[in-house]
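Inspection log for the structure reproduced underneath, given as structure tokens.
The values are calculated or read from the model by the stated rules, or taken from the named source; none is laboratory data. Computed from a prediction, not measured in an experiment: that's the story for all the values here. FYI the Cβ positions are ideal-geometry reconstructions off the backbone, even for glycines, and counts take in every protein chain you see. Keep in mind that these areas ignore ligands, DNA and RNA; they rest on the heavy atoms of the full protein, side chains included. Shrake-Rupley method; radii C 1.70, N 1.55, O 1.52, S 1.80 Å.
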Amino acid sequence: MKLAAGINFDASGIAQSINAMQLEMDVMGIFGENVVGFDKIGYQRKEAVISSFAEYMGVGALSHSVDTQAGRLVMTQRPLDLALSDKGYFQVLNSDGSVELTRDGRFQINKQGELLTQTNQKVLSSTGFPIVLPVVPDDISKITIGLDGKVGVFDNEKRGLLTAGTIGVVSSEGERINSNCVRQGYVEASNVSLEKEYIEMANYKRSFEANRQMFRMQNSKLSTAISRLGQV
């Protein structure tokens with residue numbers, strides 16, 4: 001920046017401080033999302049990814065990745081509660097026909113025998129079709145789900161176990177995973193560690209405060225220079 005009377009002021013310092021503060025606020029926002037998601041079943045923490053030249057790019061240098069490690073399994077003994085003990089996702093069908101991936105395995109059945117999420121999304125099988133029980137049991141304890149995701153229901157009239165399909169487990173890219181990782185009677189807690197989130201957030205808070213102080217000092221010097229220039 002060039003002021004009148006030949007005074008030069010380099011504004012890049014202020015710009016870098018502003019970029020750094022904006023970046024650090026957005027990173028702390030990611031940590032905040034993880035803290036909020038701590039109590040959410042199946043939530044997977046986000047990790048901030050900062051590219052090179054962040055001091056010039058600001059928030060444009062920030063992206064995030066998802067930590068796909070499995071969270072802690074919590075026993076509920078409810079037959080329609082499912083958890084994945086390994087990497088992967090359940091596939092559920094939205095009302096608009098789109099497919100969504102989730103680690104939240106708290107399912108239910110309706111009067112038609114359809115396996116649904118808590119928000120009434122249809123749970124898809126390994127063949128891509130919604131899972132529908134051949135009979136609706138009077139007690140959900142008659143529903144069995146194997147480690148491979150195969151769903152069965154005991155039929156009182158036929159006195160036998162009927163198969164309703166196999167729950168599809170896929171990767172984040174939507175590719176089918178053949179692994180015995182479905183756990184009936186469990187839910188998966190988030191994979192967030194509050195201690196880790198607060199420690200890492202504290203580091204960015206300190207960095208933010210340092211950049212804020214630097215910004216205030218540079219802004220004060222610029223204001224002083226402009227004030228003295230006006231007195232000439």
Using a 1.4 Å probe on the protein heavy atoms, what percent of the accessible area of the chain belongs to carbon and sulfur? 52
Heavy-atom accessible area with a 1.4 angstrom probe orders ILE41, ILE14, most exposed first, as ILE41, ILE14
Using only the heavy atoms of the protein chains and a 1.4 Å probe, how would GLU100, GLU188 rank by accessible area, largest first? GLU100, GLU188
Among [x] 27.0, 101; [y] 17.5, 55; [z] 21.7, 70, the entry derived from the coordinates for Rg and Dmax of the Cα atoms in Å: [x]
Let me have the 222 nm mean residue ellipticity of the chain computed from DSSP H runs of 4+ only, each contributing -39500 (n - 2.57), with the sum over all residues rounded to the nearest 500. -10000 deg cm²/dmol
Report the longest stretch of the chain that contains none of the chymotrypsin sites (Phe, Trp or Tyr not before Pro) sitting in a DSSP loop with at most 15 other Cβ atoms within 10 Å. 54-232
Trypsin sites (Lys or Arg not before Pro) within segment 157-193: DSSP coil, no more than 15 neighbouring Cβ in 10 Å: LYS158, ARG159
With the 1.4 Å probe rolled over protein heavy atoms, the chain has an accessible area per residue in Å² of 57
Applied in sequence order to segment 27-32, the curve 6.51 cos²θ - 1.76 cosθ + 1.60 (Karplus, θ = phi - 60°) yields integer Hz couplings, x standing for Gly and Pro, of 5, 5, x, 5, 4, x
5 Å is the cut-off here: which amide hydrogens, built 1.01 Å from N in the peptide plane, fall below it relative to GLY165, excluding neighbours closer than 5 in sequence? VAL151
Other residues with Cβ under 15 Å from the Cβ of TYR186 give, with Lys and Arg +1 and Asp and Glu -1, a net charge of +1
